[in-house]
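The values are calculated or read from the model by the stated rules, or taken from the named source; none is laboratory data. Every value quoted in this text rests on a predicted model; they were computed, and no experiment measured them. As a convention, Cβ positions derive from the backbone with ideal geometry for all residues, glycine included, and neighbour counts pool all protein chains shown.
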Amino acid sequence: MWETVVNTALTMLVGLLVTAIFNGAINVPKKKKAENAKREEDWRLLKKGIQALLKNDLKVRYDYWLDQRYAPEDAREDLEAEYQVYHSLGKNGVMDGRRSRFLALPTEPPEEMEV
């Protein structure tokens, strides 16, 4: 009788163990895939947000210097470094025109502006 109880218990335990192993083997890759997809989406949104912030800052700063009608070397270096980061994030044709006009500005203020 004890032999039957032990055999039944062992059979059930082995069955549960095998089920748990296969269940884990099937569900773990699905879970990892879902986690990776979430991580990729989060990364995409972060990049998009950073690009939007950089675009706004570049626009404001380019427009300021375009209104001044000149751009000193330190402003050029600053904005060019920021633009390169923005540019590396992709899809940035919107700022190319402003950047070109900014880079075409003289480095010294126009004579009528000098005090």
Can you tell me which condition E82 does not meet? The list is (1) surrounded by 11 or more Cβ atoms within 10 Å (Cβ to Cβ); (2) assigned to a helix (DSSP H, G or I); (3) out of contact with any Asp or Glu (no Cβ under 8 Å at 6 or more places or on another chain); (4) modelled with pLDDT of 90 or more, and all the others hold.
(3)
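Looking only at the range 85-110, count every residue that is assigned to a loop (DSSP other than H, G, I, E, B) and exposed (fewer than 13 other Cβ atoms within 10 Å of the Cβ) and tell me the total.
7
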Out of K55, K32, which single residue is farther than 27 Å from D96 by Cα and either surrounded by 10 or more Cβ atoms within 10 Å (Cβ to Cβ) or in contact (Cβ under 8 Å) with a residue 24 or more places away in the chain (or both)?
K32
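In this structure, does R76 turn out to be among the basic types (K, R) and either in contact (Cβ under 8 Å) with a residue 60 or more places away in the chain or exposed (fewer than 13 other Cβ atoms within 10 Å of the Cβ) (or both)? Show your work before the answer.
Values: among the basic types (K, R): yes; either in contact (Cβ under 8 Å) with a residue 60 or more places away in the chain or exposed (fewer than 13 other Cβ atoms within 10 Å of the Cβ) (or both): no.
For R76, the condition - among the basic types (K, R) and either in contact (Cβ under 8 Å) with a residue 60 or more places away in the chain or exposed (fewer than 13 other Cβ atoms within 10 Å of the Cβ) (or both) - is not met.
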Looking at (1) surrounded by 10 or more Cβ atoms within 10 Å (Cβ to Cβ); (2) closer than 30 Å to E112 by Cα; (3) not hydrophobic (A, V, I, L, M, F, W, C), which one does D67 not meet, given that it meets all the others?
(1)
